[in-house]
Amino acid sequence: MLFDRTWAPTEATLSAPLCTRKSFRYGVCAHGDLFAEGVTDAMLDRIFAVMALCPQHTFQVLTKRPERMRDYLTDPRSIGRIARRILDLWIGGEKHARAAMAGDRWPVRSIGVVDDPDDVTVDLPLPNVWLGVSCEDQKRADERVPVLLDTPAAVRWVSAEPLLGPIDFRPYLWASADIGGTSFPMLDGPRPGEFIVPAERLHWIIVGGESGPGARPTNPEWVREIRSQCDDAGVPFLFKQWGEWLEVECARDTLGDDDPRISDAQCRPGGKARLTVLGDKIFVRVSKTAAGRLLDGVTHDGFPEVRRG
């Protein structure tokens, strides 16, 4: 699973992550977007204050609005506002906030008597907050990933779900090479003798097919190519699901040659609503559960390894 729990911060649920010391991976606004237009900066301040006070948890944030995420997290005023919200929790008697700030708990530190925002410091980016963007094809990847790489984050990740076309992530997976004063993406990885300089890059890629009534198929070759790109760059790869459709060859491996859906697909390719053609491949509609998440018979569950503090 991508995360253990979902967290949709509201007045009633805002402090929920503070109430448990056991570590969880939280999907933040898993069915929405934390940086949507209706979410004010004041709301973001409170949410980031809670995440700052919860070093035991990991918070996975996914957005289609990376520009706003970048603007918020690179605004120097955000740190001060987050500190004030932490102070609100302290003064309000939130016992879990007090416990988190006692003894210089990372990443929030108190200085002396905590009664002023200047007595609280917050280290950004928060080590336990993973920032990601969703992109279904090359166009969205080229629009959103560069903005993500320009955003301070402990972990930067991409959810290519639903994957609706091939994506070349290589410019975003390799560091840059400095050759003769010119920096450029290492599309094929570093070559012998080339000097690699530090650069921001993606730390994790998730791929998945589409599900639901209007689901479209995902070509296995698109998935295999992204897997190969991640393997070459040493970046964790997670394949979440095929969705509603399986390519006939994959379906044989998953469902068995004698499954009636496979025979139907072989006899009447593209002739029924349960069948479709994508490029040179025939797909049969099964179900999300039947399609599963095996890629070439293997489950891919790569996760980033993060050292904290």
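The values are calculated or read from the model by the stated rules, or taken from the named source; none is laboratory data. In this text the structure is predicted, and so the values were computed from the model without any measurement. Because the Cβ atoms are built from the backbone with ideal geometry, glycine has one as well, and the counts that use them run over all protein chains shown.
Contact map, region 32-44: first residue over 18 Å from ARG77 (Cβ atoms), second residue β-branched (Val, Ile, Thr) and surrounded by 10 or more Cβ atoms within 10 Å (Cβ to Cβ), Cβ cut-off under 9 Å, separation 6 or more or different chains; pairs are GLY32/VAL39; ASP33/VAL39; ASP33/THR63; LEU34/VAL28; LEU34/ILE47; LEU34/VAL61; LEU34/THR63; ALA36/THR63. When you look at HIS96, is it at pLDDT 85 or above and either under 20 Å from TRP7 (Cβ atoms) or buried (at least 20 other Cβ atoms within 10 Å of the Cβ) (or both), yes or no? Against the criterion (at pLDDT 85 or above and either under 20 Å from TRP7 (Cβ atoms) or buried (at least 20 other Cβ atoms within 10 Å of the Cβ) (or both)), HIS96 does not qualify. For region 1-44, which positions are charged (D, E, K, R) and more than 21 Å from the chain's Cα centre (by Cα)? Selection gives GLU11, ARG21, LYS22, ASP41.
Here is a yes/no grid of residues against (1) assigned to a loop (DSSP other than H, G, I, E, B); (2) out of contact with any helix residue (DSSP H, G or I) (no Cβ under 8 Å at 6 or more places or on another chain); (3) hydroxyl-bearing (Ser, Thr, Tyr):
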residue	(1), (2), (3)
THR10	yes, yes, yes
PRO17	no, no, no
LYS22	yes, yes, no
GLY38	yes, yes, no
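Going through (1) touching a residue at least 24 places away in the same chain (Cβ under 8 Å); (2) closer than 24 Å to GLY80 by Cα one by one, ALA16 falls short only on (1).
Within region 24-36, being closer than 21 Å to GLU67 by Cα and either basic (Lys, Arg) or in a loop (DSSP other than H, G, I, E, B) (or both) holds for CYS29, ALA30, HIS31, GLY32, ASP33, LEU34, PHE35, ALA36.
Looking at region 40-62, can you tell me whether even one residue there is farther than 29 Å from SER159 by Cβ, buried (at least 22 other Cβ atoms within 10 Å of the Cβ), modelled with pLDDT under 90 and touching a helix residue (DSSP H, G or I) at 6+ places or on another chain (Cβ under 9 Å)? Break it down into steps so the answer makes sense when it comes.
Step one: filter region 40-62 for residues farther than 29 Å from SER159 by Cβ, giving none.
The answer is no; no qualifying residue exists.
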